[in-house]
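Any read-out appearing in this document is the output of simple, stated calculations on the displayed coordinates, not a laboratory observation. What you see is a predicted model; the values in this text were computed from it and never measured.
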């Protein structure tokens, strides 16, 4: 069965946490139309505050995307990996994996915060948005409402 993966990483620094910069960040898309993507590839988009959250997209090997994908019993099991653990904001617990039936898709968002080891640099933050569809899809699937949405935002102070 076809698996379509779109991984959006939005990153910023502490200087972008408030005011106009935060407005630009919050307006950044969480889904994009799909270009032609090779079967074992993922559509990867990067946006950073230093570039005004302008999207830059590429294709990468799907195995490099930080998410576990496993097909069993006619369903697709999805669970994003948490890397690096030290950058994960505190949260009560991680949600369980999602199992998609053919024709369904999930949007899973997971945020991080990180400082330099010595604390000499500003905090940096990033938000990973995984849009994953199981089965054939059209190129604007991730512009619609997902079948399932997992919000794994933690406090970033």
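Using only the alpha carbons of region 3-152, determine the length spanned along each of the three principal axes and report them from longest to shortest in whole angstroms.
Largest first, region 3-152 extends 49, 31, 25 Å along its Cα principal axes.
For every helix of n ≥ 4 consecutive DSSP H residues, a contribution of -39,500 (n - 2.57) applies; sum these over the chain, divide by its total residues, and give [θ] at 222 nm rounded to the nearest 500 deg cm²/dmol.
Using -39500 (n - 2.57) per qualifying helix, the result is -1500 deg cm²/dmol.
What fraction of the DSSP beta bridges in the chain is antiparallel, stated in percent and rounded to the nearest 5?
Around 75 percent antiparallel, to the nearest 5.
Expressed in nm to one decimal, what extension gain is obtained for the pair residue 115 and residue 70 from 0.36 nm per residue of sequence separation less their Cα-Cα distance?
My answer for the length gained is 12.9 nm.
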